[in-house]
Amino acid sequence: MAEEQATVQIKVTTLLKDYLEWVDADAIEFLKEKERKAEVKECIEALQPIMEKIENGVEEEGRLWYEAHTEGRKLWETLAKYALRDIEPTSKGNSTLYNFLSAATEFEDILYGLESFYRDHTLHSLWVYLIGELG
């Protein structure tokens, strides 16, 4: 007989809250500088209320997902910028990465309007990173 496994549901809002705590505690290696921490915290604080509305089933979800993508992209870009600078302070070509993310996000916003059960992919990579930090 197979052993039953407990299912744990992780909410994005919980991940964002936890990440803020980790940033404050200097647990994120590439975010120990005061300016970096402040910028990341600002991004999370803009994204958090949008994700709370989505998780609570607030109407106009399509509009909310557009806002989530806008604010989530800012967080994604900020984290990528500082992570890449931590690896190589003179890294170049980051704008190409950001342009790709912007184009992908715009395309996904269109897909949300076409398919009511569309599963987000652009922000998914951000959520996976946050889950990895649980670790």
> How do the pairs read when you match residues in region 72-91 that are under 17 Å from Leu123 (Cβ atoms) with residues anywhere that are modelled with pLDDT under 90 and not in a helix (DSSP H, G or I), using Cβ under 6 Å and keeping only pairs 6 or more apart or on different chains?
Replying inline: Gly72/Leu123
>> Please go through region 29-66 and give me each residue that is buried (at least 19 other Cβ atoms within 10 Å of the Cβ) and either of a type in the set (A, V, I, L, M) or over 13 Å from Tyr82 (Cβ atoms) (or both), ordered by number.
In response: Leu31, Val40, Ile44, Leu47, Ile50, Met51, Trp65
> Does Lys81 meet the test of being touching a helix residue (DSSP H, G or I) at 6+ places or on another chain (Cβ under 7 Å), over 18 Å from Leu15 (Cβ atoms) and at pLDDT below 95?
Replying inline: yes
> Restricting the search to region 3-44, which residues are assigned to a helix (DSSP H, G or I) and free of Cβ contacts under 8 Å to residues at least 12 places away in the same chain?
Replying inline: Thr14, Glu21, Lys34, Glu35, Ala38, Glu42
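The values are calculated or read from the model by the stated rules, or taken from the named source; none is laboratory data. Owing to the predicted nature of the structure, the values given are computational and were not obtained by experimental measurement. Heads up, the Cβs are rebuilt from the backbone with ideal geometry, glycines too, and the neighbour counts pull from every protein chain shown.
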